[in-house]
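Shown next, in structure tokens, is the structure this report addresses.
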Amino acid sequence: MSDTTRRPRKPGKPYRRPKKDPVRVLAFEALRAVDERDAYANLVLPPLLRKAREQGDFDGRDAALATELVYGTLRRQGTYDAVISACVDRPLREVDPPVLDVLSLGVHQLLGTRIPTHAAVSASVELARVVLGDGRAKFVNAVLRKVAQDDLDGWIQRVAPPYDDDPEEHLAVVHSHPRWVVSALWDSLGGGRAGIERLLEADNERPEVTLVARPGRATTEELLGEEAAVPGRWSPYAVRLAEGGEPGAIEAVREGRAGVQDEGSQLVALALANAPLDGPDEKWLDGCAGPGGKAALLGALAAERGAMLLASEKQPHRAGLVAKALAGNPGPYQVIAADGTRPAWRAGSFDRVLVDVPCTGLGALRRRPEARWRRRPEDLEGFGPLQRELLRAALESVRVGGVVGYATCSPHLAETRAVVDDVLKHGAAGELVDARPLLPGVPELGEGPDVQLWPHLHGTDAMYLALIRRVG
């Protein structure tokens with residue numbers, strides 16, 4: 001007899017079937033997909049929610065709770081692991097991953113939400129009975145009752161080392177980031193304790209949904225007519241949706257005339273498009289175009305000037321996403337599947353080139369909280385050579401007097417300034433252009449000439465941009 005069907009042994013006590021809670025079962029399924037398949041929650045969760053709505057299991061409040069349970073658990077995983085470790089009699093690696101997922105969901109309800117203690121424990125135990133069986137549900141019950149004896153602040157006092165003893169480990173536990181990520185972000189940010197704490201806190205906040213009105217196809221005025229829409233902070237094409245806003249319900253988004261795009265990504269594309277040039281301005285290249293958000297904005301901006309955009313993406317399926325994003329662009333464009341390190345075009349063909357290179361993604365931890373637990377310091381060794389090759393190829397692809405924009409969604413110095421400095425130092429004929437005047441109105445952009453955006457300062461992903469003019 002399996003664990004899921006075994007009856008309690010107490011005489012005289014009738015067996016009760018576990019009650020299935022669709023919200024918590026869905027949250028558990030999403031966490032299992034993230035853990036088992038290295039899936040991303042922002043890709044896994046929407047189809048699960050859509051299916052639940054179609055089956056009549058969910059309303060808007062249920063979807064909001066399921067989303068909070070999944071993202072809240074992933075964001076605070078490091079803190080919750082430390083709490084659970086203090087409440088079990090074995091190393092966490094010896095706890096079965098499905099059991100750990102149920103425990104983490106329960107701990108989040110206890111320490112990270114306003115759900116009453118008794119409801120958080122009973123709902124988690126009931127979930128364990130459904131997905132794990134009665135035997136392991138007893139273990140879940142015992143652990144969560146220990147967790148429920150204190151609140152989040154109390155647990156942090158118990159499981160995090162004092163700041164004065166070990167600043168990085170203290171911040172890692174309190175703000176739920178791997179220690180090496182805390183160290184890397186601190187190096188990139190500079191300064192004292194206040195700045196890094198604000199950054200780590202911002203990484204754990206739910207990001208706003210930001211839309212882009214693609215020039216010539218939609219306007220911000222049209223998007224601002226939607227419920228819960230407010231103007232963007234920095235980009236003239238940005239509109240933010242207040243909590244609960246659904247992009248898929250907006251006609252312009254469904255038609256591809258507008259899209260979902262972080263304001264930091266919009267600023268990168270705008271800065272490149274507005275950088276001063278010597279000579280003609282007719283041919284633009286997006287050399288790492290997938291999945292197509294920046295390419296769609298660049299294509300629309302190019303069309304306004306009578307310029308043509310070539311969007312190149314190595315992976316054919318991602319090139320398909322780029323083509324979808326650009327479909328209906330008002331000006332000339334072409335999408336190809338090509339390797340940016342082996343250009344399929346002649347040297348010096350373009351006036352403007354963007355390379356938003358593959359990176360660790362440490363600048364988008366608000367949107368992909370699980371990425372912080374997957375990345376390792378050694379990943380930098382794999383990305384570094386590719387980033388340098390792509391930048392060198394971009395500088396060869398632009399004509400003398402033209403401009404290259406090197407961008408990453410990572411603030412790690414090994415992926416930003418180190419790459420640019422190394423390429424320019426070893427033979428590439430280029431000079432840095434001050435990017436700060438090309439982001440008008442955006443405060444705290446540093447000493448330049450490159451730009452690093454930050455979630456806690458600008459409300460954007462931590463995008464990096466260096467603009468380089470080819471000089472020979």
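Given the structure, is LEU362 within 30 Å of ARG32 (Cβ to Cβ), in contact with a Cys (Cβ under 9 Å, 6 or more places away or on another chain) and open to solvent by less than 20 Å² (accessible area, probe 1.4 Å)?
yes
Exactly one of (1) under 30 Å from LEU445 (Cα atoms); (2) outside any helix (DSSP H, G or I); (3) not aromatic (Phe, Trp, Tyr) is unmet by GLY195. Its number?
The one condition GLY195 does not meet is (2).
Whether any residue in region 443-450 is in contact with a Gly (Cβ under 7 Å, 6 or more places away or on another chain) and open to solvent by less than 20 Å² (accessible area, probe 1.4 Å) is what I want to check.
No; the residues of region 443-450 include none that is in contact with a Gly (Cβ under 7 Å, 6 or more places away or on another chain) and open to solvent by less than 20 Å² (accessible area, probe 1.4 Å).
Rundown of residues vs (1) open to solvent by 40 Å² or more (accessible area, probe 1.4 Å); (2) assigned to a helix (DSSP H, G or I); (3) among the charged types (D, E, K, R); (4) under 28 Å from VAL471 (Cβ atoms), yes/no style:
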| position | (1), (2), (3), (4) |
| --- | --- |
| ARG367 | yes, no, yes, no |
| TRP373 | yes, yes, no, no |
| GLY384 | no, yes, no, yes |
| GLU389 | yes, yes, yes, yes |
| LEU395 | no, yes, no, yes |
| GLY401 | no, no, no, yes |
| GLY405 | no, no, no, yes |
| VAL420 | no, yes, no, yes |
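In region 157-168, how many residues are buried (at least 16 other Cβ atoms within 10 Å of the Cβ) and either of a type outside the set (A, V, I, L, M, F, W, C) or in a helix (DSSP H, G or I) (or both)?
Qualifying residue count, region 157-168: 3.
Looking only at region 456-464, decide whether some residue is among the acidic types (Asp, Glu) and touching a strand residue (DSSP E or B) at 6+ places or on another chain (Cβ under 6 Å).
No, every residue in region 456-464 fails to be among the acidic types (Asp, Glu) and touching a strand residue (DSSP E or B) at 6+ places or on another chain (Cβ under 6 Å).
If we scan region 441-448, do we find a residue that is touching a strand residue (DSSP E or B) at 6+ places or on another chain (Cβ under 9 Å), assigned to a helix (DSSP H, G or I) and without any contact (Cβ under 8 Å) to a residue 60 or more places away in the chain?
So far as region 441-448 goes, no, none of its residues is touching a strand residue (DSSP E or B) at 6+ places or on another chain (Cβ under 9 Å), assigned to a helix (DSSP H, G or I) and without any contact (Cβ under 8 Å) to a residue 60 or more places away in the chain.
Looking at VAL130, VAL121, VAL125, which is the one that is open to solvent by 20 Å² or more (accessible area, probe 1.4 Å), in contact with a Lys or Arg (Cβ under 7 Å, 6 or more places away or on another chain) and of a type outside the set (Gly, Ala, Ser)?
When all the criteria are applied, what remains is VAL130.
When ASP187 is evaluated against the numbered criteria (1) assigned to a helix (DSSP H, G or I); (2) over 26 Å from the mean Cα position of the chain (by Cα); (3) not aromatic (Phe, Trp, Tyr), which criterion, by number, is the only one it fails?
(2)
Given GLU208, GLU169, GLU197, which one is within 18 Å of the chain's Cα centre (by Cα) and within 25 Å of HIS456 (Cβ to Cβ)?
One residue alone meets the criteria, GLU208.
What about LYS324, is it surrounded by 24 or more Cβ atoms within 10 Å (Cβ to Cβ), touching a residue at least 60 places away in the same chain (Cβ under 8 Å) and of a type outside the set (Ser, Thr, Tyr)?
So LYS324 fails the test.
In region 260-278, is there at least one residue being under 16 Å from VAL355 (Cβ atoms) and polar (S, T, N, Q)?
Looking through region 260-278, at least one residue is under 16 Å from VAL355 (Cβ atoms) and polar (S, T, N, Q).
Is there a residue being without any contact (Cβ under 8 Å) to a residue 60 or more places away in the chain, within 30 Å of ARG375 (Cα to Cα) and open to solvent by 50 Å² or more (accessible area, probe 1.4 Å) anywhere in region 172-191?
Yes, region 172-191 has at least one match.
Exactly one condition in (1) open to solvent by less than 30 Å² (accessible area, probe 1.4 Å); (2) at pLDDT 95 or above; (3) within 17 Å of LYS20 (Cα to Cα) is not met by PHE58; state its number.
Single failed check for PHE58: (2).
Of everything in region 193-215, what is in contact with a His (Cβ under 6 Å, 6 or more places away or on another chain) and under 23 Å from GLY232 (Cβ atoms)? Give them in sequence order.
ARG198, LEU199, ALA202
Could you look through region 243-276, keep only residues that are assigned to a loop (DSSP other than H, G, I, E, B) and open to solvent by less than 40 Å² (accessible area, probe 1.4 Å), and pick out the one that is modelled with the lowest pLDDT?
Among residues in region 243-276 that are assigned to a loop (DSSP other than H, G, I, E, B) and open to solvent by less than 40 Å² (accessible area, probe 1.4 Å), the one modelled with the lowest pLDDT is GLY245.
The values are calculated or read from the model by the stated rules, or taken from the named source; none is laboratory data. Note that the coordinates shown come from a computational prediction; the quantities given were computed from them, not determined experimentally. No Cβ is skipped: glycine too gets one built from the backbone with ideal geometry, and neighbour counts run over all protein chains shown. We work out accessible area using only protein heavy atoms, side chains counted, and drop any ligands, DNA or RNA first. Shrake-Rupley method; radii C 1.70, N 1.55, O 1.52, S 1.80 Å.
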